[in-house]
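Have a look at the structure below before the remarks.
The values are calculated or read from the model by the stated rules, or taken from the named source; none is laboratory data. Bear in mind that the values here come from a model prediction, so they are computed numbers and not experimental data. Cβ atoms come from the backbone with ideal geometry, glycine included; neighbour counts cover every protein chain shown. The protein model used for the area step is the full one, side chains on, heavy atoms only, and it has no ligands, DNA or RNA in it. Shrake-Rupley method; radii C 1.70, N 1.55, O 1.52, S 1.80 Å.
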Amino acid sequence: SPTSAKTEEDWADDEEHGSGRTLKNLLHQKNLTNIALFVSRGTDRSHLGKRRFKCLEEAADSALDKLCRSE
């Protein structure tokens, strides 16, 4: 019998509202599947404001580019 594919998506923002969705959208843009992506920021308590999303996306994008090049 044919197997059925099931897609599950979820994210957690851990008090950084919107950050999980930002990473999920990046995975969709790159058409990547079967990936768990985690990004953590330092604890120096510096306030980045809205710039934090740009930093988050750049860090994730860089890591994904390295991963895709190594395959």
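Are any residues in the stretch 12-54 under 23 Å from residue 66 (Cβ atoms) and among the β-branched types (Val, Ile, Thr), and if so, which ones?
22, 33, 35, 39
Name the single residue, out of those in the stretch 31-49 being open to solvent by 70 Å² or more (accessible area, probe 1.4 Å) and at pLDDT 80 or above, that is farthest from residue 8 (Cα to Cα). Let's see the steps before the verdict.
Step one: list which residues in the stretch 31-49 are open to solvent by 70 Å² or more (accessible area, probe 1.4 Å), which gives 31, 33-34, 36, 38, 40-41, 43-45, 47.
Retained after the next criterion (residues that are at pLDDT 80 or above): 31, 33-34, 36, 38.
Details: 31: 15, 33: 10, 34: 10, 36: 11, 38: 16 Å.
The residue in question is 38.
Does residue 25 satisfy the criteria of being without any contact (Cβ under 8 Å) to a residue 12 or more places away in the chain and at positive phi? Full working, then the answer.
Working: without any contact (Cβ under 8 Å) to a residue 12 or more places away in the chain: yes; at positive phi: no.
When the stated conditions are applied, residue 25 does not pass them.
Hey, does the stretch 45-53 have a residue that's of a type in the set (Lys, Arg) and outside any loop (DSSP other than H, G, I, E, B)?
yes
What tally of residues in the stretch 10-30 results from selecting those that are open to solvent by 100 Å² or more (accessible area, probe 1.4 Å), among the charged types (D, E, K, R) and in a loop (DSSP other than H, G, I, E, B)?
Qualifying residue count, the stretch 10-30: 3.
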